[in-house]
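> First the structure, which I've put down as structure tokens, then a few questions once you've had a look.
The values are calculated or read from the model by the stated rules, or taken from the named source; none is laboratory data. Values in this document were obtained by computation on a predicted structure and should not be read as measured data. Don't worry about glycine lacking a Cβ; one is built from the backbone with ideal geometry, like all the others, and counts go over all protein chains shown.
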Amino acid sequence: MLKIKDLHANIEDKEILKGIDLQINAGEVHAIMGPNGSGKSTLSSVIAGKEEYEMTRGEIVFENEDLTELDPEERAHRGIFLSFQYPVEIPGVSVTNFMKASINAHRKSQGLEDMPANEMLKLIREKSEMLEIDRKFLSRSLNQGFSGGEKKRNEIFQMAMLNPKLAILDETDSGLDIDALKVVAKGVNKLRSKDNAVLVITHYQRLLDYIVPDFVHVMVDGKIVKSGTKELAYELEEKGYDWLKPETV
Ligand code: ADP
Ligand code: MG
Ligand code: MG
């Protein structure tokens with residue numbers, strides 16, 4: 001599904017990604033861990049096509065299509081979803097209306113008409129029940145006064161509504177409580193199927209108790225320095241990251 005080869009990327013002329021190789025097949029869940037500042041968020045932004053980042057070498061291929069020339073919107077329309085680390089507040093727009101707008105924007109890009117209202121309601125009901133989102137939440141103004149956990153819930157709700165082929169979840173560095181972790185895990189586990197793939201970027205080994213990844217990668221200083229199975233996450237919890245860092249002079 002996703003093939004990344006020798007990816008190098010800069011921000012403001014500073015090289016952050018220094019040769020990433022990563023292959024994600026349909027049906028797989030991958031986790032990326034690593035110390036703060038190692039380039040994990042940069043990688044997710046570069047996959048999503050954010051314009052502040054300059055790809056200087058390598059390639060990103062999604063379903064046999066080179067993504068290099070596509071803007072973030074076009075990538076989203078191909079089925080790549082990136083969770084937003086810092087969600088926007090939109091006063092006056094309810095959660096429900098935001099979800100309708102996202103779905104219809106997605107359909108429009110595929111040349112489809114708006115989803116019929118009854119079908120939309122059914123979808124919203126189905127997905128909100130699946131994630132145990134109550135009705136009051138649906139009529140609230142988007143992200144306004146939301147707790148960290150509610151923001152997460154909203155984000156995962158949007159992911160469930162859009163049903164992306166590849167979901168990239170980049171966790172914030174700040175603490176998420178256990179309920180928020182469970183919401184994320186539940187959304188991801190429901191999305192898991194032989195046709196979808198998930199890339200979870202996290203500091204929390206704990207999250208991986210709920211989302212059991214097929215592969216774990218460790219990123220240090222812009223490179224994937226080690227890959228393994230979920231056991232690697234436990235090893236990291238025990239030993240930290242220092243043993244994987246290149247020797248400093
Ligand atoms: P991680 O997600 O692993 O914590 P990031 O990808 O956020 O790492 O950051 C990698 C490096 O890039 C850090 O040194 C960070 O300071 C730098 N960086 C990230 N975003 C920007 C930016 N917008 N402008 C300049 N430097 C940035
Ligand atoms: Mg960081
Ligand atoms: Mg980050």
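> Just name the residue that is farthest from I80 (Cα to Cα) out of those in the range 183-218 that are modelled with pLDDT of 85 or more and of a type in the set (K, R).
K186
> Within the range 175-184, how many residues are in a helix (DSSP H, G or I) and free of Cβ contacts under 8 Å to residues at least 40 places away in the same chain?
Number satisfying all stated conditions: 6.
> Of everything in the range 21-64, what is more than 14 Å from ligand 1 (Cβ to nearest atom), buried (at least 18 other Cβ atoms within 10 Å of the Cβ) and under 21 Å from I211 (Cβ atoms)? Give them in sequence order.
Scanning the range 21-64 gives L22, I24, E28, V29, H30.
> Next up: Taking L67 and the conditions (1) near ligand 1 (Cβ under 9 Å from one of its atoms); (2) surrounded by 19 or more Cβ atoms within 10 Å (Cβ to Cβ); (3) over 27 Å from D242 (Cα atoms), which numbered condition does it fall short on, given that it satisfies the others?
Just one mismatch for L67, condition (1).
> If you take the residues of the range 85-118 that are surrounded by 13 or more Cβ atoms within 10 Å (Cβ to Cβ) and within 16 Å of ligand 3 (Cβ to nearest atom), which of them is modelled with the highest pLDDT?
P87
> Just to verify a result, which residue in the range 157-182, among those that are surrounded by 15 or more Cβ atoms within 10 Å (Cβ to Cβ) and at pLDDT below 90, is nearest to ligand 3 (Cβ to nearest atom)?
Filtering the range 157-182 for residues that are surrounded by 15 or more Cβ atoms within 10 Å (Cβ to Cβ) and at pLDDT below 90, the one nearest to ligand 3 (Cβ to nearest atom) comes out as D170.
Okay, residues lined up against (1) within 16 Å of ligand 2 (Cβ to nearest atom); (2) touching a residue at least 40 places away in the same chain (Cβ under 8 Å); (3) of a type in the set (V, I, T):
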site	(1), (2), (3)
I32	yes, yes, yes
G39	yes, yes, no
E52	yes, yes, no
I60	no, yes, yes
L70	no, no, no
E89	no, yes, no
I103	no, yes, yes
D114	no, no, no
M120	no, no, no
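> Restricting the search to the range 185-236, which residues are assigned to a loop (DSSP other than H, G, I, E, B), surrounded by 17 or more Cβ atoms within 10 Å (Cβ to Cβ) and touching a Lys or Arg at 6+ places or on another chain (Cβ under 8 Å)?
Answer for the range 185-236, where residues must be assigned to a loop (DSSP other than H, G, I, E, B), surrounded by 17 or more Cβ atoms within 10 Å (Cβ to Cβ) and touching a Lys or Arg at 6+ places or on another chain (Cβ under 8 Å): N196, P213, G222.
> Scanning for something more than 13 Å from the chain's Cα centre (by Cα), within 16 Å of ligand 1 (Cβ to nearest atom) and either in a loop (DSSP other than H, G, I, E, B) or without any contact (Cβ under 8 Å) to a residue 60 or more places away in the chain (or both), does the range 162-174 turn up at least one residue?
yes
> Ok, one more. Could you tell me which of the residues S147, S109, S128 is more than 25 Å from Y210 (Cα to Cα), away from ligand 2 (no atom under 16 Å from the Cβ) and among the small types (G, A, S)?
The unique qualifying residue is S109.
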